[in-house]
1. Quick check: net charge around Tyr50, other residues with Cβ under 11 Å of its Cβ, Lys/Arg +1 and Asp/Glu -1?
2. What is the local net charge at Arg15, summed over the other residues whose Cβ is closer than 13 Å to its Cβ (Lys, Arg +1; Asp, Glu -1)?
3. Arrange the residues His62, His98 by how much accessible surface each exposes, largest first, with a 1.4 angstrom probe.
4. Restricting to Cα pairs below 8 Å that are 6+ residues apart, what does the relative contact order work out to for the stretch 1-134? Please round to a whole percent.
5. Just to confirm, what accessible area per residue do you get for the chain at 1.4 Å probe, in whole Å²?
6. How much mean residue ellipticity at 222 nm does the chain get from its helices, if each DSSP H run of length 4 or more adds -39500 (n - 2.57) and you divide by all residues, to the nearest 500 deg cm²/dmol?
7. Most mobile of Ile71, Ile81, Ile61 per a Gaussian network model of the chain (Cα springs, under 10 Å)?
8. For all pairs of alpha-carbon atoms in the chain, what percent lies in each bin of width 5 Å, listed from the first bin to the last filled one?
Amino acid sequence: MKYSVVYFSRTGNSRRIAKKIAQNLSTAATEVTDNMNWNGAFGLLKALHYSLKNKDVSINIHGDIDADEYIVVSPMWCGKITPAIRNLLQTFPKNKVHLVISSGSGIYKDRADYKSVVDIIEKEKNEDKIIEAFTRSLSL
Ligand SMILES: Cc1cc2nc3c(=O)[nH]c(=O)nc-3n(C[C@H](O)[C@H](O)[C@H](O)COP(=O)(O)O)c2cc1C
């Protein structure tokens, strides 16, 4: 099975998680960026606004992500996936997506139809254990 690891990250947690997963699968993690500046206090307010209003962003995918199944890593913003990842997922059938959500404390609720959904919750401090179990669950 060929997997592609794709991520968006504002402050680095999802990037770190995606890179660890990719390393376990002996592949690379591909970054998705958008056309927004989410930095600083104003960026944070903008992120809240875009999440709450489900506002769209355009995206760039920084690599070839063609695969049998996709491992998509997203921060949780206001209980949701980020605008960039929402855009990305419009092009994939959900049943080929393993969604990995990086959050401060919340569990992602909209889990229907994905191949699998994994929560990595900062405050639980068990990132490596969850990543290990997740990558072991994949058919290589
Ligand atoms: C705009 C915004 C909204 C967030 N909303 C939530 C939330 O609803 N629940 C939660 O547990 N964490 C929330 N967080 C925390 C992030 O999900 C968490 O810090 C994540 O690991 C950040 O990933 P990153 O470093 O890849 O950007 C939010 C962060 C931001 C910036």
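The values are calculated or read from the model by the stated rules, or taken from the named source; none is laboratory data. No experiment lies behind these values; they were computed from the predicted model shown. Cβ sites come from the backbone with ideal geometry, for glycine too, and all protein chains shown count toward neighbours. All accessible areas refer to the heavy atoms of the entire protein, side chains included, with ligands and DNA or RNA removed. Shrake-Rupley method; radii C 1.70, N 1.55, O 1.52, S 1.80 Å.
1. Values: positive: Lys46, Lys53, Lys55, Lys80, Arg86; negative: Asp34, Asp56.
Around Tyr50, the surrounding residues sum to +3.
2. Working: positive: Arg10, Arg16, Lys19, Lys20; negative: Glu31, Glu127.
After counting each charged neighbour, the total is +2.
3. Numbers: His62 110, His98 15 Å².
The residues order as His62, His98, largest area first.
4. 24 percent
5. On the way: 7480 Å² over 140 residues.
Heavy-atom accessible area per residue stands at 53 Å².
6. Values: 4 runs with 43 residues, N = 140.
So the calculated ellipticity at 222 nm is -9000 deg cm²/dmol.
7. Ile61
8. 2, 10, 21, 26, 22, 13, 6, 1, 0
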